[in-house]
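Everything on this sheet refers to the single structure shown next.
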Amino acid sequence: MSLKEAATTVRENAHAPYSGFKVGAAIRAASGAVYVGCNVENVAYPEGTCAEAGAIAAMVAAGETSVIEAYVVAGSPTPVTPCGGCRQKLAEFATSDMRVTMATLTGIEQVMTMGDLLPGVFNADHMST
Ligand code: THU
């Protein structure tokens, strides 16, 4: 299944009764396996989680720690971009040249690299003494 298909399908399961904004994410890990996630909102608003976070959690739970490609889709007028927190979450498991495809439901796609999305990323090197 393509990342586009996987992200679009899982988006249907998003729990977004408060924003009404459903998001689907699909990531391909180093093994080739695809992991998916959707946003899961909560009545206590800050407890909600993003689609990307769900996909990353599924990948890590399956024993993988390397993302080689990501796809995010929403019913937005322009391609949905990962929020700041999700950029940092993706960067934890990606190289700066990893491609992130952002898409609308109508098929408009925009591709950026991880480094484009999060220049100056905080990483483990900063904690070297
Ligand atoms: N959302 C995501 O799931 N991923 C993003 O990258 C952007 C925002 C969700 C969070 C919230 O449930 C809804 O979209 C509106 O912000």
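If you average the sequence gap of Cα pairs under 8 Å that are 6 or more apart and divide by the length of the chain, what percent do you get for the contact order? Walk me through the numbers before you get to the answer.
Numbers: 280 pairs, mean separation 25.6, N = 129.
Relative contact order comes out at 20 percent.
Taken as Cα centroids, the range 97-129 and the range 1-77 sit 15 Å apart, rounded to the nearest whole angstrom. Placing +1 on each Lys and Arg Cβ and -1 on each Asp and Glu Cβ, with no other charges, gives the range 3-124 a dipole about its Cα centre of roughly 80 debye. Taken per residue, the accessible surface of the chain reaches 54 Å², heavy atoms only and a 1.4 Å probe.
Ranking Leu90, Leu105 from most to least accessible surface, computed with a 1.4 Å probe over the protein chains only, gives Leu105, Leu90.
Using a probe of 1.4 Å, the accessible surface attributed to Tyr35 totals some 30 Å² when neighbouring protein chains are kept in position.
Angle of helix 51-61 to the longest C-alpha principal axis of the chain, folded into 0 to 90 degrees and rounded to 10: 60°.
The values are calculated or read from the model by the stated rules, or taken from the named source; none is laboratory data. Please read these numbers as outputs of a predicted model, since none were measured by experiment. In this analysis, Cβ positions are derived from the backbone assuming ideal geometry, glycine residues included, and neighbour counts consider all displayed protein chains. We work out accessible area using only protein heavy atoms, side chains counted, and drop any ligands, DNA or RNA first. Shrake-Rupley method; radii C 1.70, N 1.55, O 1.52, S 1.80 Å.
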